[in-house]
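The values are calculated or read from the model by the stated rules, or taken from the named source; none is laboratory data. Quantities reported herein were computed from a predicted structural model and do not represent experimental measurements. For neighbour counting, all protein chains shown are included, and Cβ atoms are generated from backbone atoms with ideal geometry for every residue, glycine included. Accessible surface areas use protein heavy atoms only, side chains included; no ligands, DNA or RNA. Shrake-Rupley method; radii C 1.70, N 1.55, O 1.52, S 1.80 Å.
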Amino acid sequence: MTTALLDRANAPARDARLWVVDCDIHPAARARTDLMPFLSERWRAHLAGIGPRAAQPLSGAIPWPRMNIGNGRRLDALPPSGGPAASDLGFMQAQHLDANGIEYGILQPLSAGGNTLDLEFGAALCSATNDWQLEAWVKPEPRLKASLSVPQEYPEAAVREIERRAGDPAFAQIELKPRTIEPIGRRRYWPIFAAAEAAGLPLSFHSAAYGPHANSGGGWMPFYIEEHYAFANNIQTVVTSLVMEGVFERFAGLKVVCVEGGFAWAPTLAWRLDKVWAHSRAELPHVKRPPSEYIREHVWYTTQPVEEPEQPQHLRDVMDWLGWDRLMFSTDYPHWDYDDPRFAFKIRMSDAEKEKIFRGNAKALYRLP
């Protein structure tokens, strides 16, 4: 067992007065065949005989070293019953939900359906992923809420899936992949935004290794640390596109959650966009207000990974700028960079601030009882 894991094991118990809403839990299938019961006969045969073709260089896997070392998961999260980490509900309940006082957990399935090149098959995989979440996780464990997987490159099918599930309280949000074929603010994706707004569901953009484009502007990177760091760049591109294409002006009720991309970049991005916008408004008549105003009104952030500046006060300065109602706690369970709620923040917070970040903000956004 590593020193970090020993430190966790010997740490004081979580404060029982503080319940937690975890906004980033990754459920895993034991095998690809877990989706078979939720696919039609045609797509079962396709999955067994052909399989998905992902829009990335490493088809069927995510970039090194995640595909080599437990798919990026904590080794202590491997269930005694066998299978990948986070594939056993009972073990997840004992190790994470119960141990950490999780009042609600938002599932973020890392399904490749949204980036499968065969659009019809991708739509079928997304729908099957949604049914699998319900049957394997949400129905047997009411603390868990699903994220609605949709094929973002096939907006017609995405809208059908959103409308089919709208009103089902089992789904907390709509999950989109941030590395889209075109910048996410382009009009080809607007039907998805309209359907999300009508359904009253936030859009979740989870930084991940799936996508047709590299995280960097220079192409695919050789080192994992580059890929991991570039999650933040990727999320900034999403936010910038949504603002500059006028998405938030057109869809005033749209809410966006940036998951696992950090958050300390948000103030500087907003300042720079405001300056550029002030000098380039003739090009952007559809952006009627400073970009920072749209960002502050429409964007939420999950906390993992929490930035840790040398001066802890600087992190509080960032959180003050974002607004204490815009940050939602997440662990990234069961991945190696998981944030234990006992150690996630190195700054002092009042009880009211803790309640907002660890619980209240997520309950308000996701309308949890």
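What to note about this one:
- The apolar share of the surface of the chain, taken as the fraction of accessible area on carbon and sulfur atoms (1.4 Å probe, ligands and nucleic acids excluded), comes to 55 percent.
- Shown here for the stretch 170-210: trypsin sites (Lys or Arg not before Pro) in loop regions (DSSP other than H, G, I, E, B) with at most 14 other Cβ atoms within 10 Å, namely Arg186.
- The length gained by stretching the chain between Arg296 and Ile225 to full extension, at 0.36 nm per residue less their Cα-Cα distance, is 22.6 nm.
- Entry note: the stretch 266-369 has Rg to Rh equal to 1.04, where both radii use alpha-carbon atoms and Rh is the Kirkwood radius.
- Under 5 Å between amide hydrogens, built in the peptide plane, is the criterion, and for Leu144 it picks out Gly105 among residues at least 5 positions away or on other chains.
- For the chain, the share of DSSP beta bridges that are antiparallel, to the nearest 5, is 10%.
- The stretch 186-290, dipole about Cα centre (Lys/Arg Cβ +1, Asp/Glu Cβ -1), debye to the nearest 20: 440 debye
- Extended-chain gain in nm, criterion 0.36 nm per residue less alpha-carbon gap, Gln313 and Ala94: 75.3 nm
- Reachable lysines, given that their alpha-carbon falls under 17 Å from the alpha-carbon of Lys363 and they are not under 8 places away in the same chain: Lys145, Lys255, Lys354
- Counting only aspartates and glutamates at least 8 places from Lys275 when in the same chain, those with an alpha carbon closer than 16 Å to its own are Glu283, Glu293.
- Global form of the stretch 118-173, assessed from the alpha-carbon gyration tensor, a/c cut-off 1.5: prolate
- Taking only alpha carbon atoms, the stretch 73-149 gives an Rg to Rh ratio of 1.02, where Rh is the Kirkwood radius.
- Taken about its Cα centre, the stretch 326-369 carries a charge dipole of roughly 260 debye when the Cβ of each Lys and Arg holds +1 and the Cβ of each Asp and Glu holds -1.
- Shape category assigned to the stretch 156-245 from the gyration tensor of Cα positions, a/c cut at 1.5: prolate
- The Cα atoms of the chain give a gyration tensor whose axes a ≥ b ≥ c have a/c under 1.5, which makes the shape rounded.
- Under the convention that each Lys and Arg Cβ holds +1 and each Asp and Glu Cβ holds -1, the size of the dipole of the chain around its Cα centre is about 420 debye.
- Vicinal HN-Hα couplings computed from phi for the stretch 291-305 (Karplus, 6.51 cos²θ - 1.76 cosθ + 1.60; Hz; Gly/Pro x): x, 4, 5, 5, 4, 5, 8, 10, 10, 10, 9, 8, 7, 8, x
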